[in-house]
Amino acid sequence: MAGRVLITGASRGIGAAAARLFAREGWDVAINYNSSREAARRLAAELSGLEVRAVPIRADVSDPEQAEGLVREAEFSLGGLDCVVCNAGIALPQQLLTDTKVEQWRRLMSADLDGMFYVLKAAIPGLVRQKRGAIVTVSSMWGLTGGSCEAAYSAAKAGVIGLTKALAKELGPSNIRVNCVAPGVVATDMNGHLTPQDLAALEEETPLGRIGAPEEAAQAVVFLASDRASFITGQVLNVDGGMVI
Ligand code: NAP
């Protein structure tokens, strides 16, 4: 059954691909963005053509007041929420932990982990009142395995998995499912810095022999949000071409 979804970080990449898939399945979509205003507006206009409501909402999820404002505006615009997808995230340049500046660590944690806390803290009361809903978080294979020279990102993404599992237990009695998608290497701006050699090496490491498309990660998000996953909660679904087995 289609519903109303708020997707954080939906102006580009996996979030934008998820917005398109949700809309194609008839969901109304709140498209959160931070800096990519034009991309979010274009996406909203595109999705409105599918006869669903699609509203772009600017908010930096790493700011607790903006995160709360985002949830209130999404609830107001769509008349409530049935699903929240916590997808917004950033990565740091690959570097040793000892080279990571305190400011970089804080910025990463704020965007990738604190932001989820702020958004979910604001959204959960509405879902609990409805006694129905789904939450999908986006982690990473590095949250499961740890990535060398990716310590801050790996720590935040492991935190996302812990948050997902704890919330699944906490919210199950309220009929709210909480699941996580852990992508491998996906072709988005986040990997724009990789050289052709880097990409070739990553492809070689991947059992399916290629990197993923944003739509492939987004399909897992929409599945976990949908009634097709009605008895699934607290799970981490790897979408990584077999990188983590
Ligand atoms: P992307 O193409 O770089 O897009 C990131 C999105 O997050 C953008 O829409 C951006 O919005 C938004 N965002 C970043 N910081 C934000 C903030 N503080 N407040 C609100 N929105 C914010 O990245 P992606 O590859 O689609 O990544 C999406 C998620 O998947 C992230 O959590 C990432 O860690 C995870 N992931 C990605 C990969 C991969 O290989 N691509 C692998 C594993 C996990 P603006 O542009 O509007 O600022």
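The values are calculated or read from the model by the stated rules, or taken from the named source; none is laboratory data. Source: prediction; values computed, not measured. Note: ideal-geometry Cβ built from the backbone for every residue, glycine included; neighbour counts use all protein chains shown. Only protein heavy atoms, including side chains, enter the accessible area calculation; ligands, DNA and RNA are left aside. Shrake-Rupley method; radii C 1.70, N 1.55, O 1.52, S 1.80 Å.
Condition first: part of a loop (DSSP other than H, G, I, E, B) and more than 9 Å from the ligand (Cβ to nearest atom). Now tell me which residues in the stretch 177-215 satisfy that.
Passing the criteria: His193, Leu194, Thr195, Thr206, Pro207, Leu208, Gly209, Arg210, Ala213.
Against the condition closer than 30 Å to Ser230 by Cβ and within 16 Å of the chain's Cα centre (by Cα), how does Leu120 come out, does it pass?
Yes.
Considering only residues that are in contact with a strand residue (DSSP E or B) (Cβ under 7 Å, 6 or more places away or on another chain) and open to solvent by 10 Å² or more (accessible area, probe 1.4 Å), look in the stretch 142-162 and name the one that is farthest from Val84 (Cα to Cα).
Leu144
If Ala166 meets every condition in (1) in contact (Cβ under 8 Å) with a residue 24 or more places away in the chain; (2) out of contact with any helix residue (DSSP H, G or I) (no Cβ under 9 Å at 6 or more places or on another chain) apart from one, which number is that one?
(1)
Just one of (1) in a loop (DSSP other than H, G, I, E, B); (2) over 22 Å from Ser174 (Cα atoms); (3) among the small types (Gly, Ala, Ser); (4) in contact with a strand residue (DSSP E or B) (Cβ under 8 Å, 6 or more places away or on another chain) trips up Ala91, so point out which.
Of everything listed in (1) in a loop (DSSP other than H, G, I, E, B); (2) over 22 Å from Ser174 (Cα atoms); (3) among the small types (Gly, Ala, Ser); (4) in contact with a strand residue (DSSP E or B) (Cβ under 8 Å, 6 or more places away or on another chain), Ala91 misses just condition (4).
What residue, among those in the stretch 147-169 that are β-branched (Val, Ile, Thr) and under 12 Å from Phe117 (Cα atoms), is farthest from the ligand (Cβ to nearest atom)?
Thr164
If Met116 meets every condition in (1) surrounded by 15 or more Cβ atoms within 10 Å (Cβ to Cβ); (2) more than 11 Å from the ligand (Cβ to nearest atom) apart from one, which number is that one?
Condition not satisfied by Met116: (2).
Residue by residue through the stretch 51-63, note down the ones that are at pLDDT 95 or above and away from the ligand (no atom under 12 Å from the Cβ).
Residues satisfying the conditions are Val52, Arg53, Ala54, Val55.
I need a count of the residues in the stretch 186-245 that are over 16 Å from the mean Cα position of the chain (by Cα) and small (Gly, Ala, Ser).
Within the stretch 186-245, residues that are over 16 Å from the mean Cα position of the chain (by Cα) and small (Gly, Ala, Ser) number 8.
Could you give every pair whose Cβ atoms fall below 7 Å, whose first residue belongs to the stretch 23-50 and is within 16 Å of the ligand (Cβ to nearest atom), and whose second residue is of a type in the set (Asp, Glu), counting only separations of at least 6 or pairs across chains?
Pairs found: Asn34/Asp60.
Which of the residues that make up the stretch 94-113 are open to solvent by less than 80 Å² (accessible area, probe 1.4 Å), within 15 Å of the ligand (Cβ to nearest atom) and over 14 Å from the mean Cα position of the chain (by Cα)?
Gln104, Leu108, Met109, Ser110
Inside the stretch 107-142, can you point out the residues that are in a helix (DSSP H, G or I), more than 21 Å from Asp63 (Cβ to Cβ) and touching a residue at least 40 places away in the same chain (Cβ under 8 Å)?
If the condition is that a residue be in a helix (DSSP H, G or I), more than 21 Å from Asp63 (Cβ to Cβ) and touching a residue at least 40 places away in the same chain (Cβ under 8 Å), then Leu127, Val128, Gln130, Met141 are the ones that fit.
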